[in-house]
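Taken together, the values in this text are just the output of simple stated rules run on the coordinates, not laboratory data. These figures come from a predicted structure and were not determined experimentally. With ideal geometry, Cβ positions are generated from the backbone for all residues, glycine too; neighbour counts draw on all protein chains shown.
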Amino acid sequence: MKMLELDPAALGQVGMYRFLISTIVPRPIAFISTISPEGIVNLAPFSFFNGVSSNPPCVMVSITRKSDGDKKDTLRNIEATRQFVLNTTPEWLAQQMNQCSAEYPYGVSELEKVGLTAVPSLRVKPPRIGESPVQMECELYETLEIGDGSMGSATIVVGKIVMAHVAESAWKDGKATFEELKPLSRLGGLSYGKTSDVFDLPRPKAE
Ligand SMILES: Cc1cc2nc3c(=O)[nH]c(=O)nc-3n(C[C@H](O)[C@H](O)[C@H](O)COP(=O)(O)O)c2cc1C
């Protein structure tokens with residue numbers, strides 16, 4: 001392979017953002033519900049997200065600053081209430097997920113705007129999304145600041161799962177089946193992917 005050399009200093013913040021979102025692919029999409037101290041439900045998608053650990057059971061999401069340097073509503077709510085629900089994003093929620101990424105003013109409930117169903121959680125205040133096949137109720141475990149707070153900086157939020165819910169139809173032999181979850185993935189730019197052409201590889205022994 002003939003390789004290009006890309007110096008982060010030369011690419012700059014926007015160039016590095018484009019590099020990251022187009023090379024770290026596909027990414028799963030967390031659809032995160034939070035609630036403000038005033039009780040307004042907020043909903044937004046985040047693809048810089050992953051599992052972290054199983055003891056304690058933790059997930060992480062990276063929430064970047066807005067273009068004016070302000071914190072996003074999701075982060076404001078998590079810092080204020082220390083709780084959130086991580087709903088997975090199936091193919092059938094693509095339109096609503098995308099609509100929720102619009103910059104609504106603080107205090108506007110995206111969940112109501114896009115007509116999704118708020119289902120009460122068992123252990124945290126933010127509701128779950130009834131249309132999502134996996135919902136993880138989380139308590140804030142830790143935050144880690146990356147950068148100086150200017151555009152491109154982020155807060156890594158680590159949440160501890162205190163209750164999980166999975167669609168009965170998707171749960172077989174102690175694990176979820178992706179055929180039922182139909183996970184939507186984010187690719188570079190405006191592209192999204194569906195999961196197909198799947199194959200298994202048995203774990204090898206050291207030789
Ligand atoms: C598929 C997708 C993935 C996204 N991933 C992230 C992400 O990982 N981190 C982030 O800060 N914003 C991400 N965004 C942008 C946020 O969803 C957007 O800034 C949203 O307005 C934040 O809403 P809030 O202010 O209600 O928290 C993503 C948007 C889309 C459509």
query = So which residues in region 126-139 are surrounded by 16 or more Cβ atoms within 10 Å (Cβ to Cβ) and not acidic (D, E)?
reply = P126, P127, R128, I129, S132, P133, V134, Q135, M136, C138
request  = Go through region 47-77 and count every residue that is in a strand (DSSP E or B) and either over 16 Å from the mean Cα position of the chain (by Cα) or more than 7 Å from the ligand (Cβ to nearest atom) (or both).
outcome  = 9
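From the list P183, P133, P202, P126, which one is over 20 Å from S47 (Cβ atoms) and either in contact (Cβ under 8 Å) with a residue 24 or more places away in the chain or not basic (K, R) (or both)? Spell out the reasoning first.
On the way: P183 fails: over 20 Å from S47 (Cβ atoms); P133 fails: over 20 Å from S47 (Cβ atoms); P126 fails: over 20 Å from S47 (Cβ atoms).
Of the residues listed, the single one that is over 20 Å from S47 (Cβ atoms) and either in contact (Cβ under 8 Å) with a residue 24 or more places away in the chain or not basic (K, R) (or both) is P202.
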Residues (in contact (Cβ under 8 Å) with a residue 12 or more places away in the chain and within 12 Å of F48 (Cβ to Cβ)) located in region 1-23 = Y17, I21
key: Odd one out for N87, checked against (1) touching a strand residue (DSSP E or B) at 6+ places or on another chain (Cβ under 7 Å); (2) surrounded by fewer than 20 Cβ atoms within 10 Å (Cβ to Cβ); (3) of a type outside the set (D, E, K, R)   = (2)
message = Of everything in region 99-117, what is out of contact with any helix residue (DSSP H, G or I) (no Cβ under 8 Å at 6 or more places or on another chain) and surrounded by 16 or more Cβ atoms within 10 Å (Cβ to Cβ)? Give them in sequence order.
response = S109, L111
